[in-house]
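Note sheet for the following structure.
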Amino acid sequence: MSVHIDAKKGDIAETILLPGDPLRAKWIAETFLENPKCFNEVRNMFGYTGTFNGKPISVMGTGMGVPSISIYANELITEFGVKNLIRVGSAGSYQEHVKVRDIVLAMAASSDSGVNELRFGGANFAPTADFNLFQKAVEVAKIKNISIKAGNIFTSDEFYTDNKEAYKKWSKFGVLCVEMETAGLYTVAAKHNVNALTILTISDSLVTGERTTSKERETTFKDMIKIALELA
Ligand code: ADE
C-alpha cells in the first residue's frame with residue numbers, strides 16, 4: 001500500500017477516472033463497470049477496478065482542491081503505475097456562451113494556486129492536457145453525438161470568493177469555467193511523464209447565477225462519463 005491508498009500492485013488499471021467525490025466514484029463503478037472491486041477505503045476515498053467493454057479501468061475519488069488531487073495522482077502514478085488520469089468533475093461557467101449542462105474539455109488550466117509558484121520559483125508553468133487523450137475525447141464525443149466545448153479553464157484555491165467580480169478578468173481572456181483541481185493534476189502528470197485530461201460538466205454559472213439540480217447533474221454527468229470510459 002502507499003500512504004493514502006490501501007491497494008496492492010496490479011490492483012489499479014493503467015487508466016483511471018477521477019471524480020472529486022468518492023461516492024460518485026462508487027456510483028460510476030456500480031453503474032458502468034463490469035465486476036467492480038473496491039481497492040481503497042482509506043479516508044473513505046473509494047477506489048474501484050473493473051472492466052468496460054472488456055478493458056480494465058479504475059475509478060477513484062480525489063477530494064477537493066489541488067493539494068488533495070496532487071497527493072492521489074502522485075501515489076497512483078509512482079506506486080501503482082497509472083498512465084492515464086482522467087478527471088471527471090463539475091465547474092462554474094465564466095462565459096455567457098458556456099451554459100449549465102455543457103461539457104468542457106480542459107486544454108489548459110490557469111490557476112491562483114500557490115503550488116506551481118513555489119515549484120517554479122515564481123515563474124509560470126502552463127499545465128496542459130495530454131494531446132492524444134484530448135484528441136480521442138473529441139473523436140468519441142463526435143461519434144456519440146455529444147456536443148463539447150474546449151479551451152483554457154481556471155483552477156481556483158477558493159470556492160467561496162470574497163470578490164464576486166474577480167472572475168471577469170479571466171473571462172475577458174477567454175477562460176471558460178472554474179473548478180479546483182486540474183492545474184494540480186496536469187502538473188503532476190507532466191512531472192512523471194504520464195497522460196492527463198479533465199472533462200467537466202458545467203453545474204453553475206457565475207455569469208447568470210443559474211445552477212443545475214442534482215437530478216440534472218446526474219443525467220449530464222452520464223454523457224461526460226460515456227466519453228471518459230472510451231479513453232481506456
Ligand atoms: N465547481 C463547480 N462549480 C464551481 C465553482 N463555482 N467554483 C469552483 N469550483 C466549482
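The numbers here are math on the coordinates, done by the rules we state, and not lab data. Computed from a predicted structure; not experimentally measured. Quick reminder, even Gly has a Cβ in these numbers, built from the backbone with ideal geometry, and neighbours come from all protein chains shown.
Laid out as a table, the results:
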read-out	value
Lysine pair number, Cα distance threshold 25 Å (strictly under), the stretch 121-193, separation 8 or more or different chains	8
Estimated 222 nm signal from helices in the chain, with DSSP H stretches of n ≥ 4 weighted -39500 (n - 2.57), rounded to 500	-10000 deg cm²/dmol
Relative packing of 85-94, 71-80, which averages over residues the other C-beta atoms within 10 Å, highest first	85-94, 71-80
Spin-label pair N132/F173, simplified geometry with 7 Å Cα→Cβ offset, distance in nm	3.1 nm
Spin-label proximity, S214 to the stretch 49-66 - amide N less than 19 Å from point 7 Å beyond Cα toward beta carbon	61-64
Inter-label distance, nm, simple model (7 Å from Cα along the C-beta direction), F125/H192	1.4 nm
Potential lengthening between F159 and C38 on full extension [0.36 nm per residue; Cα-Cα distance subtracted]	40.6 nm
Highest-first arrangement of 219-228, 159-168, where packing means the average Cβ count within 10 Å	219-228, 159-168
